[in-house]
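Please treat every number below as a calculation from the coordinates, not as lab data. Not measured: the values here are computed from a predicted model. Every residue, glycine as well, gets a Cβ built from its backbone with ideal geometry; the counts of neighbours run over all protein chains shown.
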Amino acid sequence: MYDLAIIGGGPAGVSAGIYSARKKLKTIIMSDFFQGQSAVSPEIQNWIGVRSISGEDLAKQLTDHLRSYESDILTIKEGDLAVAITKIADGFEIKTNQNNLYTTKTILIATGGRRRKLTIAGAKEFDQKGVTYCASCDGPLFSDQDVVVIGGGNAGFNTASQLLAYCRSVTLLESGPTFRAEQITIDSLLKNPKFKALSDVEIIAIKGEQFVNQITYKKSQTGETIEQPVTGVFVEIGFEPNTDLVKGLVDMTPTGAIMIDHQHQTTSTVGIWSAGDSTNGLYHQNNIATGDAIKAVEDIYSFLQKNS
Ligand SMILES: Cc1cc2nc3c(=O)[nH]c(=O)nc-3n(C[C@H](O)[C@H](O)[C@H](O)COP(=O)(O)OP(=O)(O)OC[C@H]3O[C@@H](n4cnc5c(N)ncnc54)[C@H](O)[C@@H]3O)c2cc1C
């Protein structure tokens, strides 16, 4: 039986694996891939301690670091997707898509999530070539440029607010009839002369050559089609945590994020912790995922000391 099973091989899972091995907890970490969401990013400028690194190189460095601890204490299983968790007498049993069964005293869920993708013409072609899903990651690359934000919920307005600090203009587009963000946020942003927000628009296409240079949308009420020159399209139309695995086992928000105690990273089920983008933490960043996972391992270590 393992002391700890870590499910997920992104920044949260990998950080937990390293800390857990250093504490000599008998650990297994499993993931379909060892990468994390930012692996597709051409450039990451906010991984603390490194000015600039590609997402692919960051993922490789994280995995290399983890692999340096592979031993009797740390088992690494790549290609193993956890598909079911069952409560047993002294802990849990995890079943994977490879029909492997692992028993463990504790579990850290670090399964992350995925941004809901835009599906209009050009969205896929220009992904990471002007179309981006992370303002705090990519926003500064668009300094003094004209950009749009797609999505009129709190995430869309918060993204617009961040971008207004350095972009020349920000236009927010919402396909529904009304904005879903808090009114106080909407009102405060609308005071900024660089900001414009339009609801009830049909977003038609993103165009460009090597990079985005235009977005086309139609105002539903008037039928007017607008071809707006922009270099950046920031998409905020929702986030889906990868948490089907623990549905019914731990408490979740209506959108499927695992509810945690933010001091300890514990879930509603004793013996299960969660960290990173699978949780109801407000901010989705590599540095936050790693820090929260380390916090979880500290707590798991204390739990195991008290309960063994
Ligand atoms: C395009 C893009 C660019 C980004 N750029 C930046 C940036 O510049 N800076 C920054 O700080 N943040 C950035 N982010 C955000 C950052 O990538 C995330 O906050 C971070 O990856 C979260 O880490 P995580 O470990 O919680 O989850 P994830 O990175 O989502 O990793 C979860 C892992 O778990 C695996 N997994 C899922 N389900 C299972 C299962 N059932 N069994 C086994 N394994 C499973 C997944 O395959 C994945 O490997 C970016 C995000 C995106 C989408």
What aspartates and glutamates sit close enough to LYS77 to cross-link, taking a C-alpha to C-alpha distance under 19 Å and skipping anything fewer than 8 places away on the same chain?
ASP3, ASP32, ASP64, GLU93
Per GNM of the chain with C-alpha springs under 10 angstrom, the most fluctuating residue out of GLN145, GLN98, GLN45 is GLN98
Largest fluctuation, THR267, THR104, THR185 only, Gaussian network model of the chain with Cα springs under 10 angstrom, belongs to THR185
Return the whole-Å distance between the Cα centroid of the stretch 141-200 and the Cα centroid of the stretch 1-38.
38
Find, among the chymotrypsin sites (Phe, Trp or Tyr not before Pro) in the stretch 141-238, those assigned to loop by DSSP (not H, G, I, E, B) with at most 12 other beta-carbon atoms within 10 angstrom.
PHE211
Cysteines without a disulfide-compatible partner [the chain; Cβ-Cβ under 4.7 Å]
CYS167
Using the Kirkwood formula on the Cα atoms of the stretch 102-152, what hydrodynamic radius do you get, in angstrom to one decimal?
14.1
Would you mind calculating the relative contact order of the chain from Cα pairs under 8 angstrom and at least 6 residues apart, reporting the percent as a whole number?
19
From the convex hull of the Cα coordinates of the stretch 93-229, what is the mean projected area in square nanometres?
12.0
Within the set ALA135, ALA155, ALA121, GNM on the chain using Cα springs under 10 Å gives the largest fluctuation to ALA121
Quick one: Debye curve from the alpha-carbon atoms of the stretch 26-67 only, equal weights, vacuum; give me log10 I(q)/I(0) at q = 0.23, 0.24, 0.30 Å⁻¹ to two decimals.
-0.77, -0.82, -1.08
Given a cut-off of under 8 Å on Cα pairs at least six residues apart, what relative contact order in percent is computed for the stretch 117-235?
32
Using DSSP to call loops (not H, G, I, E or B), can you name the chymotrypsin sites (Phe, Trp or Tyr not before Pro) in the stretch 258-308 whose Cβ has at most 13 other Cβ atoms within 10 angstrom?
TYR283
Rg(Cα) of the chain divided by 2.2 N^0.38 Å?
1.10
For the pair ARG180/THR222, report the inter-label distance in nm, with labels modelled 7 Å from Cα in the Cβ direction.
2.7
Spacing of the two label points (7 Å from each Cα toward its C-beta) at PHE33 and ALA84, in nm
2.7
